[in-house]
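The values are calculated or read from the model by the stated rules, or taken from the named source; none is laboratory data. The shown structure was predicted, so the numbers you read here are calculated from the model rather than taken from an experiment. Cβ placement follows ideal geometry from the backbone for every residue including glycine, while neighbour counts extend to all protein chains displayed.
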Amino acid sequence: MDAFIAMAYRQLKRFLRAKPRLVFTLITPIMWIVFYGIGWASSMNFPGIELILGTDYLSFLIPGVVGMAVFMAGYMSGVSVIWDKHFGFLKEVLVAPTPRWQSITGRIFGDSIVAMIQGVALALLGFLIAHNMNPWGLPIVFLASFLTAFGFASIGTAIAASGKFKTIEGFQAFVNLVTFPVIFSSGAFFPLNNVPDWFKSIAYVNPLTYSVDAMRLALAGVGSFPMWEDLLALVIFALTSGAIAAYFFERSTLD
């Protein structure tokens with residue numbers, strides 16, 4: 001497992017060295033909380049809102065923002081695969097006398113730890129402005145964040161390793177196309193109770209839906225599914241996506 005440990009360590013070290021990366025990856029979710037969350041929370045400050053959402057809007061929103069941040073951080077990890085292709089590091093990994101699945105799994109594991117740290121940091125910031133959040137739910141946030149990040153980092157890595165996108169710009173354009181429907185169909189910003197059936201069908205096959213629901217259930221005490229269903233869905237998603245990433249990485253070529 002030397003290759004696994006080495007690749008995981010490399011991704012963590014890259015993150016720790018690039019301190020501006022942490023700052024800038026947190027800025028967008030924080031802006032969502034400050035400008036979108038506080039603005040809507042003020043507009044929705046009317047009697048009966050807690051009967052609709054199960055809690056106040058900020059406590060409802062913050063788990064969704066955490067899920068969004070973890071998803072984006074994990075999914076964008078595919079960019080570094082393309083980057084390593086351009087600079088030749090990936091070639092060294094592919095010709096190394098170690099199983100490729102260990103290398104790519106270690107890489108995804110390291111990126112998932114990074115995304116989990118970002119998500120938990122946002123959850124901690126949320127306690128400063130939301131007053132109905134339960135700190136005892138943080139272990140679930142750790143677990144759900146890691147599984148979510150692992151699943152989406154695996155998908156991002158599989159897409160990058162497949163060779164469909166030769167440039168970082170092409171990959172980012174695809175990510176931007178996918179990001180909007182994934183985030184908004186997850187119920188991160190609004191409850192899914194009264195949306196049309198076709199919208200629910202999309203939400204129910206969206207892994208981020210179960211991540212947001214698990215964190216919201218843990219932190220705010222409201223959710224659409226039992227906790228065990230949320231976590232089981234995330235475990236299946238992480239394992240399946242990891243296997244897909246390993247498959248495409250095994251088939252990667254040096255060109």
Filter the range 219-244 down to residues that are in contact with a Phe, Trp or Tyr (Cβ under 9 Å, 6 or more places away or on another chain), within 17 Å of Asn134 (Cβ to Cβ) and not in a helix (DSSP H, G or I), then give me how many there are.
-> 1
Pick out the one residue from Ser154, Ser145, Ser112 that is buried (at least 23 other Cβ atoms within 10 Å of the Cβ), closer than 18 Å to Leu217 by Cα and polar (S, T, N, Q).
-> Ser145
Restricting the range 126-139 to residues that are modelled with pLDDT under 85 and not in a helix (DSSP H, G or I), which is nearest to Gly223 (Cα to Cα)?
-> Asn132
Within the range 184-205, which residues are closer than 16 Å to Val66 by Cβ and polar (S, T, N, Q)?
-> Ser186
When only residues in the range 191-208 that are within 19 Å of Tyr75 (Cα to Cα) and touching a Leu at 6+ places or on another chain (Cβ under 8 Å) count, which is surrounded by the most Cβ atoms within 10 Å (Cβ to Cβ)?
-> Pro207
Quick check: anything in the range 187-201 under 17 Å from the mean Cα position of the chain (by Cα) and at pLDDT 90 or above?
-> no
Out of Ala73, Ala158, Ala123, which single residue is in contact with a helix residue (DSSP H, G or I) (Cβ under 6 Å, 6 or more places away or on another chain), assigned to a helix (DSSP H, G or I) and at pLDDT 85 or above?
-> Ala123
Taking only pairs six or more apart or across chains, which ones have beta-carbon atoms under 7 Å, a first residue in the range 5-17 that is within 10 Å of Asp111 (Cα to Cα) and part of a helix (DSSP H, G or I), and a second residue that is modelled with pLDDT of 70 or more and among the basic types (Lys, Arg)?
-> Met7/Arg107; Gln11/Arg107
